[in-house]
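The values are calculated or read from the model by the stated rules, or taken from the named source; none is laboratory data. Predicted, not measured: the structure shown is a model, and the values here were computed from it. With ideal geometry, Cβ positions are generated from the backbone for all residues, glycine too; neighbour counts draw on all protein chains shown.
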Amino acid sequence: MNVSVDVAPREGLELRLSRMIRIPTVSAELEERGRGPFEAFVALLEELYPLVHEHLSRERITDFGLLYRWPGRSASDPAVLMAHYDVVPVDPSDHWTFPAFEGRIEGGYVHGRGALDDKGPMLVVLEAVENLLAGGFVPARDVLLSFGGNEETFGDAARVISDTLHERGVRPWIVLDEGGAVTDAPLPFVTGTAAMVGVGEKGLATVRISARGDGGHASVPPKLTAVGRVARAVNRLAPGTFRARAPRAIPRMLGRFAPRSRGIGRPLYRLLSAWPWLNARAFAALGGEAAAMVRTTIAPTRLAGGTADNVLPSQAHAILNLRLALGETVAGAAQRLRRRIGDSAVSVDVLEGNDASPESPSDGQQFALIAAAVGASHPEAITVPYVTMAATDSRYFHRYAPATYRFAPLMMNAEQRAAIHGVDERVAITELVRGEIFHRRLIEGLPG
């Protein structure tokens, strides 16, 4: 039986987030800054959340992983709530309205790097746990807090935490990480707001395509140089290189949106939800984010070759960034590239990558619990499944936890979403309050 307590949330959560932001935990600048900021951040958590550190055990796993355990009333499989406390760098040439690491509180917002990605979402988890502990609450099952300090650099903290739990025989009942949010105007014709819960995560691969050629003076060029061969290969990798296919989440999402759509949107989304093959084609035709949900994308990000302006290059290469659609593997994607390029003189090498995640159910008890928590924090929003485009630390957990979801319970409009990894990142204080309510209700609603 679920149990709740009468909780009076602590005031000043915006001040606590401000202090978190002031510590520049920039994982990509570890060599320049050292580990000092990360250790200072861990010490700050102990100061800001005394009950968490009194009642929960904490393990340091790798130099940057924090794993907390809150014992529950039963030995059932635990819930894992995730976040990361490292942030991306700030380009010194960018103009911020307020300094990125000042943590300015103004206009109803907390401003600064990490406000949305991911110190704000981390804060609301800790706020909920601290407030529930103050009320004497004990969860129905164990609650684990998994925090990583090198997510932005694809570090191993979360991977080692997940492997450690697996080696101990822990099989999480639910895992919840960043990756979705509450948004307005989620699709054309759709009215109101939606809580977009990622039920799957696209994979990631970095691929190098390269070719060699005869060097020499540029005054007598051959028919095809190494640079020309690589350029031709890149040009052959059109958006249609990979077939569009809709994961189960997309028809379900459209079915939920249909009643909230106006005009042609209502019959259109009903039709597309009933015919997955048709919605895959329709999304692919729309391009942009819609197409990315149903297809593996290819983005050439670097092209290099040659040693001088008047010398024929003896070698050239291009770097491709692939985001693998659900159901796609790194090995399968590389083979597809080789077939599409169709040139045995071009080498295709995978530098790093991970397969797309399995798709977690959107019709089970865990998804229903998330929807119920959204109903408490954002009652105006409809909860829908979707596919997360970016890589998150939860990709390591889905190997062992079939119910792995990606959702930060904060309202983010298009401008705010664009500020993630960009300029003028900020979060509304009212959303921090609602995010705490979400996690409190989620923890209270865990079944035994």
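Go over the candidates L56, L51, L81 one by one and state the one that is within 20 Å of I443 (Cβ to Cβ), buried (at least 20 other Cβ atoms within 10 Å of the Cβ) and assigned by TED's automatic domain parsing to the domain that holds N131.
Details: L56 fails: buried (at least 20 other Cβ atoms within 10 Å of the Cβ); L51 fails: buried (at least 20 other Cβ atoms within 10 Å of the Cβ).
Being within 20 Å of I443 (Cβ to Cβ), buried (at least 20 other Cβ atoms within 10 Å of the Cβ) and assigned by TED's automatic domain parsing to the domain that holds N131 holds for just one of L56, L51, L81, which is L81.
Return the only residue of V220, V234 being out of contact with any helix residue (DSSP H, G or I) (no Cβ under 8 Å at 6 or more places or on another chain), assigned by TED's automatic domain parsing to the domain that holds I298, assigned to a helix (DSSP H, G or I) and not basic (K, R). Steps first, answer last, please.
Values: V220 fails: assigned to a helix (DSSP H, G or I).
Going through V220, V234 in turn, just one is out of contact with any helix residue (DSSP H, G or I) (no Cβ under 8 Å at 6 or more places or on another chain), assigned by TED's automatic domain parsing to the domain that holds I298, assigned to a helix (DSSP H, G or I) and not basic (K, R): V234.
In segment 186-203, how many are closer than 14 Å to P259 by Cα and part of a strand (DSSP E or B)?
Of the residues in that region, 3 qualify.
Just give me the residues in segment 104-133 being touching a residue at least 40 places away in the same chain (Cβ under 8 Å) and in a loop (DSSP other than H, G, I, E, B), in sequence order.
Of everything in segment 104-133, those that are touching a residue at least 40 places away in the same chain (Cβ under 8 Å) and in a loop (DSSP other than H, G, I, E, B) turn out to be R104, G108, G112, R113, G114, A115, L116, D117, D118.
Suppose we filter E425, E436 for residues that are crowded, with 20+ Cβ neighbours inside 10 Å, under 19 Å from L145 (Cβ atoms), in the same structural domain as S162 (by TED's automatic domain parsing) and at pLDDT 95 or above; which single one remains? Working first, answer last.
Working: E425 fails: under 19 Å from L145 (Cβ atoms).
Step by step, each of E425, E436 is checked, and only E436 is crowded, with 20+ Cβ neighbours inside 10 Å, under 19 Å from L145 (Cβ atoms), in the same structural domain as S162 (by TED's automatic domain parsing) and at pLDDT 95 or above.
G288 versus (1) under 22 Å from I174 (Cα atoms); (2) out of contact with any strand residue (DSSP E or B) (no Cβ under 8 Å at 6 or more places or on another chain); (3) surrounded by fewer than 20 Cβ atoms within 10 Å (Cβ to Cβ): which is the lone unmet condition?
Result: G288 fails condition (1) only.
Considering only segment 348-364, state which residues are surrounded by 14 or more Cβ atoms within 10 Å (Cβ to Cβ), under 18 Å from A318 (Cβ atoms) and either in contact with an Asp or Glu (Cβ under 8 Å, 6 or more places away or on another chain) or modelled with pLDDT of 95 or more (or both). Outline the logic, then answer.
Just the residues of segment 348-364 that are surrounded by 14 or more Cβ atoms within 10 Å (Cβ to Cβ), to begin with: 348, 350, 353-362.
Adding the requirement that they be under 18 Å from A318 (Cβ atoms) leaves 348, 350, 353.
V348, V350 - these are the residues of segment 348-364 that are surrounded by 14 or more Cβ atoms within 10 Å (Cβ to Cβ), under 18 Å from A318 (Cβ atoms) and either in contact with an Asp or Glu (Cβ under 8 Å, 6 or more places away or on another chain) or modelled with pLDDT of 95 or more (or both).
Select from segment 1-26 the residues that are crowded, with 16+ Cβ neighbours inside 10 Å and in contact with a Phe, Trp or Tyr (Cβ under 8 Å, 6 or more places away or on another chain) and list them in ascending order.
Selection gives V7, M20, I21, R22, I23, P24, T25.
Just to be sure, is A419 in the same structural domain as F98 (by TED's automatic domain parsing), within 29 Å of G108 (Cα to Cα) and of a type in the set (G, A, S)? Lay out the reasoning, then the answer.
Numbers: in the same structural domain as F98 (by TED's automatic domain parsing): yes; within 29 Å of G108 (Cα to Cα): yes; of a type in the set (G, A, S): yes.
Spelling it out, A419 is indeed in the same structural domain as F98 (by TED's automatic domain parsing), within 29 Å of G108 (Cα to Cα) and of a type in the set (G, A, S).
State the number of residues belonging to segment 117-144 that are out of contact with any Asp or Glu (no Cβ under 6 Å at 6 or more places or on another chain), of a type outside the set (D, E, K, R), closer than 17 Å to L13 by Cα and crowded, with 21+ Cβ neighbours inside 10 Å.
Going through segment 117-144, the residues out of contact with any Asp or Glu (no Cβ under 6 Å at 6 or more places or on another chain) turn out to be 117, 119-120, 122-123, 125-126, 129-144.
Now narrow it down to the ones that are of a type outside the set (D, E, K, R): 120, 122-123, 125-126, 129, 131-140, 143-144.
Then drop every residue that is not closer than 17 Å to L13 by Cα, which leaves 120, 122-123, 125-126, 129, 131-134.
Okay, now just the ones that are also crowded, with 21+ Cβ neighbours inside 10 Å, so 120, 122-123, 125-126, 129, 131-132.
Of the residues in segment 117-144, 8 are out of contact with any Asp or Glu (no Cβ under 6 Å at 6 or more places or on another chain), of a type outside the set (D, E, K, R), closer than 17 Å to L13 by Cα and crowded, with 21+ Cβ neighbours inside 10 Å.
Determine if segment 62-69 includes at least one residue that is in a strand (DSSP E or B), at negative phi and either outside the structural domain of G149 (by TED's automatic domain parsing) or surrounded by fewer than 19 Cβ atoms within 10 Å (Cβ to Cβ) (or both). Spell out the reasoning first.
Pass one, segment 62-69, residues in a strand (DSSP E or B): 65-69.
Subset that is at negative phi: 65-69.
Subsequent filtering for residues that are either outside the structural domain of G149 (by TED's automatic domain parsing) or surrounded by fewer than 19 Cβ atoms within 10 Å (Cβ to Cβ) (or both) retains 69.
Yes, segment 62-69 contains a residue that is in a strand (DSSP E or B), at negative phi and either outside the structural domain of G149 (by TED's automatic domain parsing) or surrounded by fewer than 19 Cβ atoms within 10 Å (Cβ to Cβ) (or both).
Can you name the condition, by its number, that H398 falls short on among (1) under 23 Å from E14 (Cα atoms); (2) of a type outside the set (A, V, I, L, M); (3) under 19 Å from the mean Cα position of the chain (by Cα)?
(1) is the only condition that H398 fails.
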